[in-house]
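Worksheet: one structure, shown below.
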Amino acid sequence: MSLSDLPGPVPDPAAIHGGTATALAEPVDRVRPLWVTGVVLVNLGINAAFFGPLRVLLGQQAAHFDEGQKEAILALVTGCGAAVSMVANPLFGAFSDRTTSRFGRRVPWVLMGAILGAVALVALAGAPNVAVMAFLWCLVQAGANAMYAAITAAVPDRVPVPQRGTVGGLAAMGQTVGILVGAVIAAVVAGNFAAGYWVCAAALLAGVVLYLFKSDDQPLPQQERPPFSLWQFIKGFWVSPKRYPDFAWAWLTRLLVSTGNHMITLYLLFFLSDIVRLKETQGIEPEFGVLVLTGLYAVTVILTSVLGGRLSDRMGKRKPLVIASSVIIAAASLILAFAPTWIGGLAGAAVLGIGFGAYLAVDFALITQVLPTALDRGRDLGVINIANSLPQVLAPAIAFVFVQFWGGYVSLYVAAAVIGLLGAVFVVKIKSVD
């Protein structure tokens with residue numbers, strides 16, 4: 001492949017092969033399997049350490065403090081963590097952009113984030129009260145988001161455009177496997193949340209080892225880093241939709257599709273117990289039903305994230321697959337709306353996983369192609385990640401209104417489908433990527 005074969009501006013050959021701007025050059029050499037494995041393991045470790053506490057351990061600890069107020073405690077702790085996540089990801093991404101360590105721009109933040117997250121998880125095991133619990137969970141969020149911001153930015157730093165769908169799919173696979181590992185950790189410790197935090201901390205540290213030794217992270221020369229201005233630093237988090245319309249449309253589509261996906265999964269336990277009446281019709285506890293649907297969803301996400309990313313690389317196109325996967329996600333929501341049965345739930349979970357797995361891989365590759373500048377990849381991907389975090393706040397509010405006042409679960413899932421389809425429609429607005 002020649003330089004002229006790459007989409008977008010042609011990079012400076014001197015920058016790629018030993019010039020001063022190596023860290024900022026558009027990559028052209030395919031990354032090796034060992035490097036990709038390192039990235040996958042970092043994503044796996046982050047999600048194991050994040051979702052083990054989020055799905056089970058924090059709830060158990062909340063009940064330990066006050067059984068009667070466990071829901072309120074959990075909402076307080078996770079809400080504080082979500083707020084930190086929305087700020088920390090773009091902030092640490094921007095810090096990594098400006099890092100001039102001889103180890104590279106991203107490696108220091110992966111390492112420091114892992115250490116901070118692991119120490120906070122271990123400390124959580126002995127938190128004496130709710131206030132300390134909330135503070136320590138915020139530190140876990142800060143560490144995990146520092147890692148995630150850095151490892152996400154490492155992909156456009158090192159991976160050439162024709163390989164990004166494949167790498168994005170494998171990273172999404174790592175995230176999904178990490179969620180399952182977190183669930184397994186929580187199940188194995190069987191109510192001992194303190195032991196669970198220790199195991200999650202170990203998983204977080206273990207996940208970074210390969211990447212730290214095989215990152216090939218290119219240092220940013222001091223002369224390539226612009227002078228620091230606090231006002232310009234703060235102002236940089238606003239990416240003008242007028243100046244960078246494709247970035248703005250990519251952000252909006254990610255927000256819409258993620259919101260729709262969260263609306264589908266948010267009340268799954270209540271849907272199975274109150275609408276499907278799983279205990280009465282199938283003799284299955286709703287909690288076990290959620291586990292079955294989650295497992296089925298995870299398996300299909302893993303399969304289609306890898307296959308979808310590789311297919312988009314071979315096609316050399318992103319938008320058709322992003323649109324198709326968004327439509328599949330909407331179809332899953334409609335299955336739940338109009339087939340509120342156990343079989344319908346199984347079908348909906350499988351279809352949702354098929355659509356969302358492909359979406360995660362291909363949309364990530366698309367996003368890396370609309371980033372405004374190479375110097376600010378970490379910051380701009382952090383801004384994109386707000387579109388992943390914000391639905392955690394928006395979806396519960398929207399879902400509550402539909403379930404309580406606007407028609408129940410049928411209207412909820414129809415609305416989720418419509419929101420997701422809007423995301424598919426707006427992808428067409430992106431002009432610089434096929």
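The values are calculated or read from the model by the stated rules, or taken from the named source; none is laboratory data. Note that the coordinates shown come from a computational prediction; the quantities given were computed from them, not determined experimentally. Neighbour counts run over all protein chains shown; Cβ positions are idealised from the backbone, glycine included.
Of Ala187, Ala125, Ala154, Ala195, all but one fail to be among the small types (Gly, Ala, Ser), crowded, with 22+ Cβ neighbours inside 10 Å and not assigned by TED's automatic domain parsing to the domain that holds Arg310; the exception is Ala154. Going through (1) more than 30 Å from Leu311 (Cα to Cα); (2) surrounded by fewer than 24 Cβ atoms within 10 Å (Cβ to Cβ); (3) touching a residue at least 60 places away in the same chain (Cβ under 8 Å) one by one, Ala131 falls short only on (3).
The residue that is surrounded by the most Cβ atoms within 10 Å (Cβ to Cβ), counting only those in the range 101-114 that are of a type in the set (A, V, I, L, M, F, W, C) and either touching a residue at least 60 places away in the same chain (Cβ under 8 Å) or assigned by TED's automatic domain parsing to the domain that holds Leu375 (or both), is Val110.
Just a yes or no: is a residue in the range 251-258 over 30 Å from Val159 (Cβ atoms), in a helix (DSSP H, G or I), touching a residue at least 40 places away in the same chain (Cβ under 8 Å) and not basic (Lys, Arg)? Show your work before the answer.
Step one: list which residues in the range 251-258 are over 30 Å from Val159 (Cβ atoms), which gives none.
Scanning the range 251-258, I find no residue that is over 30 Å from Val159 (Cβ atoms), in a helix (DSSP H, G or I), touching a residue at least 40 places away in the same chain (Cβ under 8 Å) and not basic (Lys, Arg), so the answer is no.
Here Gly182 meets the list (1) surrounded by 24 or more Cβ atoms within 10 Å (Cβ to Cβ); (2) out of contact with any Lys or Arg (no Cβ under 8 Å at 6 or more places or on another chain) almost entirely, failing just condition (2).
For the residues Gly348, Gly420, the requirement of being surrounded by 17 or more Cβ atoms within 10 Å (Cβ to Cβ) and under 19 Å from the mean Cα position of the chain (by Cα) singles out Gly420. All conditions in (1) of a type outside the set (A, V, I, L, M, F, W, C); (2) touching a residue at least 12 places away in the same chain (Cβ under 8 Å); (3) assigned to a helix (DSSP H, G or I) hold for Asp216, with the sole exception of (3).
Of all the criteria given as (1) among the aromatic types (Phe, Trp, Tyr); (2) in contact with a Lys or Arg (Cβ under 6 Å, 6 or more places away or on another chain); (3) at pLDDT below 85, the one not satisfied by Trp249 is (3). Restrict the check to the range 142-151 and report whether at least one residue is among the small types (Gly, Ala, Ser), surrounded by fewer than 24 Cβ atoms within 10 Å (Cβ to Cβ), in a helix (DSSP H, G or I) and under 15 Å from the mean Cα position of the chain (by Cα). Yes, the range 142-151 has at least one match.
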